[in-house]
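Quick one: this structure, given as structure tokens, is what I'll be asking you about.
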Amino acid sequence: MQLAKPELLKTQNYINGQWRDAASSIEVRDPANGTLLAEIADGSATDAGAAVAAAHTALPAWREKTAAERAAVLKRWHQLIMDNADDLARILTLEQGKPLAEAKGEIAYGASYIEWYAEECRRAYGQTIPTHNPAMRLQTIRQPVGVVTCITPWNFPNAMITRKAAPALAAGCTVVIKPASETPLSALALCQLAEEAGLPAGTINMVVGSDAPAIGRVLTEDERVAKFTFTGSTAVGKILMAQCATGVKKMSMELGGNAPFIVFDDADLDTAVSACVATKMRNAGQTCVSTNRIYVHESVHDEFVEKLRAKVAELQVGHGTDEGVTVGPLIHRRAVERVAQLVQDSVDAGATIELGGDFLPAGENYYAPTVISGVTDDMRIAQEEIFGPLAPVQKFTDEDDVIRRANNTPYGLAAYVMSENIRRANRVVEALEYGMVACNTGVFSTTVAPFGGSKESGIGREGGVEGMAEFYETKYCCFGA
Ligand code: NAP
């Protein structure tokens, strides 16, 4: 791999400030063409235990630093990431597949959490509470929860780590991270830069490992761990929540979604189509907030489908490092086959392919950006998270009915509303049972706002002041007469 800074290509686990080998290795391959990129030390549950021990040992000294001291180190980390953004983006595209421009966007987005929380930790104010007894004084102080463990997915291999590690470290916690096995290179490069920034040994630790259940047990059950935070599928999240329950660990869960995208008859259709393509096709549809069910008012349905078809047809599929490419491969062949099966099931049940619906000769992990119409709520495609470049369109006639249909899912992560009518927009935004609702845009995630879901899409928030609160314990201090 050609990098301006070759030291960013790390292949060992990072525990207690040391790069450590393992008895076996995990292969990391380019999903676009299968090229072997690296072989990574395959960490074990024992390594995870060593990482937790290191984080526990490093905790008192890191917690005792002033907020300004922690902020200075985090700002250096942020700067080093931005200085090396081109290399980090290249590593990300090669192991994950997204186009280079998107990868660069993720590096800047991921780094922005480090900068923002470096600033925010200086404002961890407590309160003096008006007392119930003149002889007593009541206060709250905010203290770091302690050792934080994290498990992250492959679809945002950089930002899903910084969204957790930055507020945790800023608050004075120490962290242990298990990144996804498909994308450990972006994660380990972050550790290299953290080390260069001066994060003390043991404050940040990383264990890559193919035995995720065994490592996960340590990260959720070790008694030295105070808080566990996970981003990934709802199915795995439920297992990990049960494990956290044994030790009553604090936990945050960023899980799957089934986002509705509602286009009213008073929407600006060009805005709606652009927003739809942005949320649906970014990262080849492999994001937790990807539009999953597109509901279009019957009076504008045909025009919307035609505009959507034309816009999706403009997308350029190919290797993420090639100039002009806007959609890369899916993460692996299983994902492609699953998308193809969802298309087939829908067509068998009466849906129509408007565009795409094919495997592509470019490689076995490619699937054509696809638009299908005639979808109904009882189809599998409307009930499961698609995680691919597949836009399924349904019709609706009535506002109350479409709200009921949009809410009729166990998920509650993101939803989208397209309407130029401000009263309707307010009404519908408030009626949707989702953690995040975007109106007349398809891109809404930012460092400064809380990201997270309701229902089976998660617990807790990342980003904004809410994301910082997840890593503090609020202690009530009562001073007697
Ligand atoms: P996943 O299969 O749940 O895996 C996520 C992470 O969990 C990986 O590091 C994986 O390790 C690990 N893991 C798997 N099984 C485990 C177990 N039994 N115990 C402990 N760890 C385990 O999810 P994914 O396919 O990587 O990611 C896609 C999912 O993430 C989608 O559902 C998406 O919606 C969700 N997501 C949510 C958000 C959000 O903010 N709400 C953001 C991004 C993605 P290995 O890689 O080693 O198997």
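Can we say THR441 is surrounded by fewer than 21 Cβ atoms within 10 Å (Cβ to Cβ), more than 16 Å from the ligand (Cβ to nearest atom) and in a strand (DSSP E or B)? Give the derivation first.
Working: surrounded by fewer than 21 Cβ atoms within 10 Å (Cβ to Cβ): yes; more than 16 Å from the ligand (Cβ to nearest atom): yes; in a strand (DSSP E or B): no.
No.
Further, regarding this structure: Out of all the residues in the stretch 116-137, which are in contact (Cβ under 8 Å) with a residue 60 or more places away in the chain and among the acidic types (Asp, Glu)?
GLU120
Where residues in the stretch 181-221 are within 22 Å of GLN12 (Cα to Cα) and among the polar types (S, T, N, Q), which of them is nearest to the ligand (Cβ to nearest atom)?
Filtering the stretch 181-221 for residues that are within 22 Å of GLN12 (Cα to Cα) and among the polar types (S, T, N, Q), the one nearest to the ligand (Cβ to nearest atom) comes out as SER181.
Let's see how each residue does on (1) touching a His at 6+ places or on another chain (Cβ under 9 Å); (2) more than 16 Å from the ligand (Cβ to nearest atom):
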site: GLY357; (1), (2): no, yes
site: ALA362; (1), (2): yes, yes
site: ALA415; (1), (2): no, no
site: ARG424; (1), (2): no, yes
site: SER457; (1), (2): no, no
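Name the residues in the stretch 316-343 that are without any contact (Cβ under 8 Å) to a residue 60 or more places away in the chain and closer than 25 Å to LEU413 by Cβ, would you?
ARG334, ALA335, VAL336, GLU337, ARG338, VAL339, ALA340, GLN341, LEU342, VAL343
Is it fair to say LEU169 is touching a Lys or Arg at 6+ places or on another chain (Cβ under 9 Å), within 15 Å of the ligand (Cβ to nearest atom) and not assigned by TED's automatic domain parsing to the domain that holds THR287? Even if it seems obvious, please write down each step before you answer.
On the way: touching a Lys or Arg at 6+ places or on another chain (Cβ under 9 Å): yes; within 15 Å of the ligand (Cβ to nearest atom): no; not assigned by TED's automatic domain parsing to the domain that holds THR287: yes.
Criteria not met by LEU169.
Kindly list, by first and then second residue, each pair from a residue in the stretch 61-79 that is closer than 12 Å to LEU199 by Cβ and touching a residue at least 12 places away in the same chain (Cβ under 8 Å) to a residue that is among the polar types (S, T, N, Q) and assigned to a loop (DSSP other than H, G, I, E, B), limited to pairs with Cβ atoms under 9 Å and residues at least 6 apart or on different chains.
Short answer, once both residue conditions are applied: ALA61/THR203; TRP62/THR203; VAL73/THR203.
Mind listing just one residue for me: the one in the stretch 222-233 that is within 11 Å of the ligand (Cβ to nearest atom) and surrounded by fewer than 24 Cβ atoms within 10 Å (Cβ to Cβ) and, of those, nearest to GLU39 (Cα to Cα)? Reasoning before the result, please.
Looking only at the stretch 222-233, we keep the residues that are within 11 Å of the ligand (Cβ to nearest atom), and these are 228-233.
Applying the additional criterion that residues be surrounded by fewer than 24 Cβ atoms within 10 Å (Cβ to Cβ) yields 232-233.
Values: GLY232: 23, SER233: 26 Å.
This residue is GLY232.
The values are calculated or read from the model by the stated rules, or taken from the named source; none is laboratory data. Small disclaimer: the values here were computed from a predicted structure and weren't measured. As a convention, Cβ positions derive from the backbone with ideal geometry for all residues, glycine included, and neighbour counts pool all protein chains shown.
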